[in-house]
Amino acid sequence: MIASTIVHIQFKDTGTHEYYSSIKAVYQHHDAADIGLQYRSLVNALHDTNVYENKRVIVRRGKINSSTSKRTDNDK
């Protein structure tokens, strides 16, 4: 099994949930004004904990697990 990082953002004003592969990917789609925090500040905030919340967003960082084996005809 392979574990990859996943970043979940919930926008409080719209209730929208978005998922990204990294914090950097978040800032490729949103600017600091959307998030309410600069990139480096969010990295620092998530360093010791995997959840950050402010008046605009809730950000959660975790792992998503995936299989390492390829599907065979016997797996159908």
If you build the Cα gyration tensor of the chain and take the root of 5 times each eigenvalue, what three semi-axes come out, in whole angstrom, biggest first? 30, 14, 11
Segment 9-45: which trypsin sites (Lys or Arg not before Pro) are DSSP loop and have at most 16 other beta-carbon atoms within 10 angstrom? K12
Karplus (6.51, -1.76, 1.60) ³J(HN,Hα), θ = phi - 60°, over segment 33-49, in Hz, Gly and Pro reported as x: 5, 5, 7, x, 6, 6, 3, 4, 5, 5, 4, 5, 5, 8, 5, 9, 9
Helix-only mean residue ellipticity at 222 nm, the chain, DSSP H runs n ≥ 4 weighted -39,500 (n - 2.57), per residue, nearest 500. What is it? -5500 deg cm²/dmol
Which Cα, out of Q28, A3, V51, lies furthest along the positive dipole direction of the chain (beta carbon charges, K/R +1, D/E -1)? A3
Estimated vicinal HN-Hα couplings, Hz - segment 15-24 in sequence order (Karplus 6.51, -1.76, 1.60; Gly, Pro = x): x, 5, 10, 10, 10, 9, 7, 6, 5, 4
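A short reminder: the numbers here are calculations on the coordinates, not readings from a lab. Keep in mind that this is a model prediction, so the values were computed, not measured. For neighbour counting, all protein chains shown are included, and Cβ atoms are generated from backbone atoms with ideal geometry for every residue, glycine included.
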